[in-house]
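Comments concern the structure below.
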Amino acid sequence: MVFKRAARGGQELIRFLLALYYQLDHLVRELMKFGTVGAFAYVIDIGLYNLLRATVLEDKTITAKVVSVTVATAVAFLGNRHWTFRHRTDPGLARGFGVFALLNGIAMVITVIPLWISHYLLGMTSLLADNISTNIIGTALATVFRFWSYRKWVFVAPPPAPTAVDSMPAREVETTASIPGQSAAAPLPPQPDAPDRAVLRPESRALRQR
């Protein structure tokens, strides 16, 4: 008895570890793809900004930054939609990009909050302090927020597939669950109705009396 309990506990532990491994492996794969898409979009943002500043928008730095950020956001959305989170629910191009852009605006605010705290509240005004606060701490916090918010509001996990019990009629489910710990017996085939004794023919009654 003790050996059976130990074996059963070992099997449950192995199942739990395997399920945890598969979940973590899936999450790590998403993180790697998410980071790759984000790095590619960042390169596009910086490269396009400097290209516009050097050519057609030389004296319009704000416009150049708005254009580069918009293009980089579109690239990040398409990359996450068709690669990182392609196994999740597709919200549609218009709605998905709108929510995606809104979350990126919130992430931009999160990026500058550490800079504001260190520069104005703590008085750390050096260039090194500004870069650490915004490009390291702020970017890390914004990246965590982006990954979490994209999975929660943009690329939502698909609903679980219905099980066999969910597809059964309510009467069969109640019959199956009426006796806990025992498997439900197979339903019996419909039996033909027995003839009523009150409606026997007169010939049959005469034979019985003989």
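Each reported figure results from applying straightforward, stated rules to the coordinates on display, with no laboratory input. Just so it is clear, the model here is predicted, and its values are computed rather than measured. Quick reminder, even Gly has a Cβ in these numbers, built from the backbone with ideal geometry, and neighbours come from all protein chains shown.
Here is how the numbers come out for the structure above:
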| read-out | value |
| --- | --- |
| Cβ-based exposure ranking for Y49, Y150, in which fewest neighbours within 10 Å come first | Y49, Y150 |
| Using θ = phi - 60° and Karplus 6.51 cos²θ - 1.76 cosθ + 1.60, couplings along segment 101-116 (whole Hz; Gly, Pro as x) | 5, 4, 5, 5, x, 5, 5, 5, 5, 4, 5, 8, 4, x, 5, 5 |
| Residue-wise HN-Hα coupling along segment 43-53, computed from phi with Karplus coefficients 6.51, -1.76, 1.60 (Hz; x: Gly, Pro) | 4, 5, 4, 5, x, 5, 4, 5, 5, 5, 5 |
| Cβ-based net charge around T139, under 13 Å, with every Lys or Arg adding one and every Asp or Glu removing one | -1 |
| Segment 114-160 and segment 49-89: distance between their alpha carbon centers, rounded to Å | 19 |
